[in-house]
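Trainee: Can you keep this structure in mind? I'll have questions shortly.
The values are calculated or read from the model by the stated rules, or taken from the named source; none is laboratory data. Everything numeric here is computed off the predicted structure, so don't read it as measured data. Neighbour counts are summed over all protein chains in view; Cβ atoms, including those assigned to glycine, are modelled from backbone coordinates with ideal geometry. Note: areas computed on protein heavy atoms with side chains; ligands, DNA, RNA excluded. Shrake-Rupley method; radii C 1.70, N 1.55, O 1.52, S 1.80 Å.
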Amino acid sequence: MKRTMKLSVIMIAALTFVITGCSSTPSQPGAATPTPTPAPAPKADNKVEKVKLTMGSWRTEDKEAYDKIIKEFQSKNPNIEIEFKPTKNTEYNTLLNTALQTGSAPDIIHLRPYAPGIALADGGYLEPLDSVKGMDVFSKAALSAATGKDGKVYGVPTVFSSTQIFYNKKLFKKFNIEEPKTWADMIKAADTLKQNKVAPFAFGSKEGWILSLTHGALGPAIYGGTDYVNKVTTGQTNLKSKEFTDSVQMMQDLTKYFPENYVGLSMDDMRNLFVTEQAGMMVMGDWEVAVMQKMNPDLDMDLFAVPNAAAGKGTVTTWVDGSFGVNKESKGKKEAIKFIEFMTSKEFGTLVANELKKPSTIPGVQSNDPIVTKIATLANTVSTPYMFVIHFNGGNPTSKSVFETLLQGMYLGKETPAKVTEELQKSVDSWFKPAAK
């Protein structure tokens, strides 16, 4: 009897050792605490390790908007964390170039449009994106902002910048002015506003970029828009042509519709004239919409495409305001490309239009702001390229800046339209090589 009891104790002790021994491996987080009685095997932890990415940009003012956009992406991709880390606009290029050379650049890189961004692609810093799902939704013109010399696409375009003519609906209604459909209509509207002691156009020539921007919007109505740009860039004509000289002459002819002392007026002065309803129209970019609405929430404004001086449709002048590329050396390249795919979707385009108040590069995207929707519709239907940003922003100094200085000289009475185009062509000839026809 004693022997039997002794054997039973030994067997129980052995069984306890086996059970305890089998449970001695550290359990996964959340697993049940081991007990002497058999228990179900711990459940496998299906949690996928998160990948953290950084997203560089010069748009510090867009941080809040992109944080919201990224949050939407992460709701469907919880394993990917993206931090939008913009740096100061004036320091971005230098900091990015240094980071690329030292291997510390962001995983997702905001590319300056056209020449600067393309230089990074040609330098071998970016991953080609041609095979990314959804890239075929963009127009060739939009993709050209980040297409390398090898013909490959290295950036997904996000938003257009667009110039058009904003007008004060209240003033137009007061003086029985219809939204202009032709160049003659626009001049008639300007005459009516002037007769009623209202500045027809909010305009100033103090800041050079305003001059190239204004010419970039109005000039195509005179020189022939996209067809002319194609001829210039392929060497079939040049900027001393009658068409282009006439477009510069037009800029001079409009001075009678500018405010008093316009040569001393800055962008801030122009904006103030328009939002305080002292000017009836303003040639300006879409980025001013949110600013003007904030300054005067009661401002009743609308916009129209620049009417063609000859027969034909009006135009708005557009360019891609940056693209996003993927760092070729990113350790999270697969996840970064996943975000690039998201940037090709209408969901992303709608978020951009609503949060940034800018026209999306994705056709058919609507905004909750009717003005932004109208700009986007025009940008996707009657756009013409901003020639001096897309094609003539090279040289040292750039031909764009040379043009701005020459136009300032013209408004000061120091240059004629013919002299402006002659000197401008000299600048272009110093660096620009026409593409093959």
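Trainee: Give PRO113, PRO128, PRO106 a once-over and let me know the one that is surrounded by fewer than 18 Cβ atoms within 10 Å (Cβ to Cβ) and in contact (Cβ under 8 Å) with a residue 12 or more places away in the chain. Outline the logic, then answer.
Mentor: Working: PRO113 fails: surrounded by fewer than 18 Cβ atoms within 10 Å (Cβ to Cβ); PRO106 fails: surrounded by fewer than 18 Cβ atoms within 10 Å (Cβ to Cβ).
Residue meeting the stated conditions: PRO128.
Trainee: If you don't mind, another one. Can you report the number of residues in region 246-274 which are crowded, with 20+ Cβ neighbours inside 10 Å and under 28 Å from SER430 (Cβ atoms)?
Mentor: Here the count works out to 3.
Trainee: Let me ask another. What helices (runs of 4 or more DSSP H), lying completely within region 199-299, carry at least 2 residues that are more than 24 Å from the chain's Cα centre (by Cα)? Quick ask: steps written out before the conclusion?
Mentor: Numbers: elements: 208-218, 220-223, 225-233, 242-253, 267-275, 288-295.
Fully inside region 199-299 and qualifying: 220-223, 225-233, 242-253, 267-275.
Trainee: Could you grab the pairs with beta carbons closer than 6 Å, sequence gap of 6+ or different chains, first residue in region 228-252 and without any contact (Cβ under 8 Å) to a residue 24 or more places away in the chain, second one basic (Lys, Arg) and part of a helix (DSSP H, G or I)?
Mentor: From residues that are without any contact (Cβ under 8 Å) to a residue 24 or more places away in the chain, the pairs are THR237/LYS231.
Trainee: Tell me, yes or no, whether region 294-304 has at least one residue that is among the polar types (S, T, N, Q) and either open to solvent by less than 60 Å² (accessible area, probe 1.4 Å) or under 30 Å from THR147 (Cβ atoms) (or both). Break it down into steps so the answer makes sense when it comes.
Mentor: The initial filter retains those residues of region 294-304 that are among the polar types (S, T, N, Q), namely 296.
Checking which are either open to solvent by less than 60 Å² (accessible area, probe 1.4 Å) or under 30 Å from THR147 (Cβ atoms) (or both) leaves us with 296.
For region 294-304, residues among the polar types (S, T, N, Q) and either open to solvent by less than 60 Å² (accessible area, probe 1.4 Å) or under 30 Å from THR147 (Cβ atoms) (or both): present.
Trainee: Report yes if ASP286 is in contact with a helix residue (DSSP H, G or I) (Cβ under 8 Å, 6 or more places away or on another chain), modelled with pLDDT under 95, open to solvent by less than 60 Å² (accessible area, probe 1.4 Å) and among the acidic types (Asp, Glu), otherwise no.
Mentor: Numbers: in contact with a helix residue (DSSP H, G or I) (Cβ under 8 Å, 6 or more places away or on another chain): yes; modelled with pLDDT under 95: yes; open to solvent by less than 60 Å² (accessible area, probe 1.4 Å): yes; among the acidic types (Asp, Glu): yes.
Answer is yes for this residue.
Trainee: So, in region 171-188, how many residues would count as being closer than 14 Å to ALA305 by Cβ and either among the small types (Gly, Ala, Ser) or out of contact with any helix residue (DSSP H, G or I) (no Cβ under 8 Å at 6 or more places or on another chain) (or both)? Please lay out each step first, then the result.
Mentor: First, pick out the residues of region 171-188 that are closer than 14 Å to ALA305 by Cβ: 179-183, 185-186.
Next, from what is left, pick out any that are either among the small types (Gly, Ala, Ser) or out of contact with any helix residue (DSSP H, G or I) (no Cβ under 8 Å at 6 or more places or on another chain) (or both): 181-182, 185-186.
Counting residues in region 171-188 that are closer than 14 Å to ALA305 by Cβ and either among the small types (Gly, Ala, Ser) or out of contact with any helix residue (DSSP H, G or I) (no Cβ under 8 Å at 6 or more places or on another chain) (or both) gives 4.
Trainee: Go through region 355-366 and report how many residues are buried (at least 19 other Cβ atoms within 10 Å of the Cβ) and without any contact (Cβ under 8 Å) to a residue 40 or more places away in the chain. Quick ask: steps written out before the conclusion?
Mentor: To start, the set of residues in region 355-366 that are buried (at least 19 other Cβ atoms within 10 Å of the Cβ) comprises 356-362, 365.
Pick out the ones that are also without any contact (Cβ under 8 Å) to a residue 40 or more places away in the chain and you get 365.
Final tally of qualifying residues: 1.
Trainee: Is one or more of the residues making up region 49-70 under 27 Å from GLY124 (Cβ atoms), surrounded by 15 or more Cβ atoms within 10 Å (Cβ to Cβ) and touching a Gly at 6+ places or on another chain (Cβ under 6 Å)?
Mentor: Yes, region 49-70 contains at least one residue that is under 27 Å from GLY124 (Cβ atoms), surrounded by 15 or more Cβ atoms within 10 Å (Cβ to Cβ) and touching a Gly at 6+ places or on another chain (Cβ under 6 Å).
Trainee: If you take the residues in region 305-350 that are open to solvent by 10 Å² or more (accessible area, probe 1.4 Å), among the aliphatic types (A, V, I, L, M) and at pLDDT below 95, which one is nearest to TYR167 (Cα to Cα)?
Mentor: ALA309
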